[in-house]
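Student: Once you've had a glance at the structure underneath, I'll fire off some questions.
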Amino acid sequence: MRLSGKRAFVTAAGQGIGRAIAEAFVREGAQVVASDLDAAKLSGLDGAQVMALDVTDRAAVQGAVRDAEADILVNCAGYVHGGAIEEASDSDFDMAFALNVKSQFHTMQAAIPGMVARGGGSIVNIASVAGAILAAPNRFIYGASKAAIIGMTKSVALDYVTKGIRCNAICPGTVDSPSLHDRLRAMGDYETAKAAFIARQPMGRIGTPAEIAHLAVYLASDEAGFTTGQAHIIDGGWATG
Ligand code: NAD
């Protein structure tokens with residue numbers, strides 16, 4: 001098993017990409033702490049220790065991460081605000097940065113001292129192709145927040161490379177998850193919106209959370225020992241042009 005002997009902490013593990021990552025980590029032999037704002041969503045996540053955790057609660061987050069003594073940290077919590085800059089409010093901007101960006105700052109800050117003391121670790125931050133690599137339509141706030149994750153990822157990677165800590169970001173294209181279906185419904189005509197999202201993926205389909213989890217397992221494992229500070233694109237070809 002590729003993660004045996006390792007301890008992992010995963011945020012937003014209740015559904016979608018975070019859940020697939022937590023399940024894959026359990027299958028690969030890691031001891032997993034799976035957290036989510038909504039504890040009910042964690043039911044059925046067999047083999048993991050589950051906990052309710054709001055990643056915007058700095059004290060709770062930092063306490064939980066320290067207690068987990070994790071070798072692997074996966075930051076998956078995020079929210080997609082729609083709209084161009086003219087529709088963007090300060091409160092939505094602040095909320096996006098608190099949830100998508102500052103939470104990762106806080107979890108990494110709490111995890112790093114233990115990783116240094118134990119001789120290393122692997123941090124995987126979930127960003128997005130949107131914002132971090134290319135502009136997606138009507139994703140002003142979301143794109144800004146996901147681009148910020150790349151900056152934090154590179155900074156941590158460089159500052160801790162000699163301490164055995166690797167820090168990478170994953171930039172997914174459109175992936176099938178409960179919130180994707182919410183966004184498609186919110187666009188009015190679900191089928192038309194879905195067709196438009198599929199059309200921008202050259203592979204002609206949306207990705208699966210399991211496909212993102214495969215990359216997370218690799219980055220978390222020692223197989224990725226020579227990889228740090230990178231924005232790993234996994235997007236069905238969307239960013240090829
Ligand atoms: P999702 O959006 O369907 O689920 C998000 C989960 O986050 C839920 O379980 C929710 O309870 C939890 N959550 C919300 N607020 C929280 C908080 N304050 N603290 C802790 N947990 C909280 O899942 P998804 O679509 O797989 O997205 C997961 C991550 O992947 C996000 O960061 C998202 O931006 C990113 N991403 C998703 C896609 C996609 O197409 N689905 C593409 C690129 C990047």
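The values are calculated or read from the model by the stated rules, or taken from the named source; none is laboratory data. Note that this is a predicted model, so its numbers are computed, not measured. So basically every Cβ, Gly included, is an ideal-geometry build from the backbone, and we count neighbours across all protein chains shown. To get the accessible areas, we keep the full protein, side chains included, count just its heavy atoms, and leave off ligands, DNA and RNA. Shrake-Rupley method; radii C 1.70, N 1.55, O 1.52, S 1.80 Å.
Student: If you take the beta carbon distance between ILE198 and ALA60 as r and set R0 to 35 Å, what does 1/(1 + (r/R0)^6) give as a FRET efficiency, to the nearest 0.05?
Tutor: 0.35
Student: Another question, then. Sort the following peptides by mean Cβ neighbour count (other Cβ atoms within 10 Å, averaged over residues), highest first: 213-225, 179-191.
Tutor: In decreasing order of mean packing, 213-225, 179-191 become 213-225, 179-191.
Student: Ordering PHE25, PHE97, PHE226 by accessible area with a probe of 1.4 Å, largest first, what comes out?
Tutor: PHE226, PHE97, PHE25
Student: Okay, next question. Explain nothing, just the number: relative contact order of the stretch 109-233, from Cα pairs under 8 Å at least 6 residues apart, as a whole percent.
Tutor: 32 percent.
Student: Related question: Give me the dipole magnitude in Debye, nearest 20, for the chain about the Cα centre, with unit charges on the beta carbon: positive for Lys and Arg, negative for Asp and Glu.
Tutor: 520 debye
Student: Ordered by packing density, taken as the mean number of other Cβ atoms within 10 Å over each peptide's residues, highest first, how do 118-127, 196-205 rank?
Tutor: Ranked from most to least packed, the peptides come out as 118-127, 196-205.
Student: Ok, one more. Work out the count of Lys pairs in the chain where the Cα-Cα distance is under 27 Å, with the pair 8 or more places apart or on different chains.
Tutor: 14
Student: Net charge within 13 Å of ALA117 by Cβ-Cβ distance, Lys/Arg positive one each and Asp/Glu negative one each, not counting ALA117 itself?
Tutor: Net charge around ALA117: +1.
Student: Between LEU37 and GLN49, what is the label-point separation in nm under the 7 Å Cα-to-beta-carbon projection?
Tutor: Taking the simple label geometry, GLN49 and LEU37 are separated by 2.5 nm.
Student: Right, another one. Could you give the Stokes-Einstein D for the chain in µm² per second, using the C-alpha Kirkwood radius, 4 °C, 1.567 mPa s?
Tutor: 73 µm²/s
Student: So between HIS214 and PHE93, what do we pick up on full extension, going 0.36 nm a residue minus the alpha carbon distance?
Tutor: Gain on stretching HIS214 to PHE93: 40.4 nm.
Student: Could you calculate the FRET efficiency of VAL161 with GLU191 from 1/(1 + (r/R0)^6), where r is the beta carbon distance between them and R0 is 51 Å, rounded to 0.05?
Tutor: 0.60
Student: Report the antiparallel proportion of the DSSP beta bridges in the chain as a percent, rounded to a multiple of 5.
Tutor: Taking every DSSP beta bridge with both residues in the chain, the antiparallel ones total about 0 percent.
Student: Given contacts defined as C-alpha pairs under 8 Å and at least six residues apart, what's the relative contact order of the chain, whole-number percent?
Tutor: The normalised contact order for the chain reaches 20 percent.
Student: If you don't mind, another one. For ASP182 and ASP222, calculate 0.36 nm times their separation in residues minus their Cα-Cα distance, and state this gained length in nm to one decimal.
Tutor: 10.8 nm is the gain from fully extending ASP182 to ASP222.
Student: Compute the relative contact order of the stretch 17-158 as a whole-number percentage, counting only Cα pairs closer than 8 Å that sit 6 or more residues apart in sequence.
Tutor: In percent, rounded to a whole number, it is 23.
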